[in-house]
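To start, the structure under review is shown below, and the notes come after it.
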Amino acid sequence: MAYRRFVFALSQRTACDITEWTWTQRLEQDGPMKIMLAINISAMLNPSFTSEEANVLPESSTSQLYYATRDIKRGEEILTDSTFRDWTNFAATDLGMRGW
């Protein structure tokens, strides 16, 4: 419920940005789903179309620590494989959206 209060307290434009940068993810193997929000430089990570194309990856599917998979050239787009994220499973969190 704290997430909902947070989003509803924002201006409409800011709330749109915040919800765009939000996803659900497990932080430990078989752990509960958590609502994650990128409000730092990690928001600049763009999704790759294939895992081979990604040049930045998390340490594991439950990690928030990222590392470069190779040297990244100046001006090169930073791409990550975000298939470990669940962009739509907010019902699995305690957000009051059961049955969605």
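Read-outs: derived from the displayed coordinates by stated rules, not from any lab. Computed from a predicted model, the values in this text were never measured in an experiment. Backbone-built Cβ (ideal geometry, glycine too); neighbour counts: all protein chains shown.
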Simple SL model, points at 7 angstrom along Cα→Cβ for I18 and I72; separation in nm is 2.6
Computed label-point distance, nm, for sites F49 and D30 using a 7 Å Cα→Cβ extension
3.8
Between Q64 and F6, what FRET efficiency comes out of the Förster formula 1/(1 + (r/R0)^6) with R0 = 30 Å and r the beta carbon distance, rounded to 0.05?
0.95
